[in-house]
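Okay, so here's the structure we're looking at.
A short reminder: the numbers here are calculations on the coordinates, not readings from a lab. Keep in mind the model is a prediction, meaning the values are calculated, not measured. All Cβ positions, glycine included, derive from the backbone under ideal geometry; neighbour counts span all protein chains shown.
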Amino acid sequence: MRMAFELQMVAAAVLIGLVHLVWAAAAAQPQRGLKWNAGPRDEPIVLTGVAGRLERAFANFRETFPFFAALVVVDYLGGRLGDLTAYGAALYVAARALYIPLYAFGVPYLRSLVWVASMVGILALLSALVV
């Protein structure tokens, strides 16, 4: 049995999340140091530069991913999969993949448009429930 495309997109988004996590952690390491990473992390360290941007981009991903994943599951279980959900899921994943380097390298405006595109993907998944 072949997995639904939208569920494959959830798996792709998880991979994007793992890339976010690893890249953000690697970029933060020089600023935080091993002692902070191994310790209780009681005192926050504000990251700057690329490390700070990657940390904020990952936080943004964590804010949107649950909505995306939940809507794919609800669309799947509700028998609502179709062109709209496939395009929505693909748009979300593509936009989130583009968002990482755009945010990391401080690209203004285009980064915001890419974020809007990811939200349009989520809205497509949501609208499939009422169409």
**Fill in**
Residue-ordered couplings for the range 33-38, obtained by feeding phi - 60° into the Karplus form 6.51 cos²θ - 1.76 cosθ + 1.60 and rounding to whole Hz (Gly and Pro as x), are x, 5, 4, 5, 4, 7
**Computed over the chain, Cα set: Rg, Dmax in Å** = 16.8, 54
**Spatial extent of the range 70-122: Rg and Dmax, with the Cα atoms as the point set, Å** = 12.9, 40
**Item:** Placed amide H near Arg80: partners under 5 Å, 5+ positions off or other chain
**Value:** none
**Message:** I'd like to compare 79-85, 19-25: which one has the highest average count of other Cβ atoms within 10 Å, and what's the full order after that?
**Reply:** 19-25, 79-85
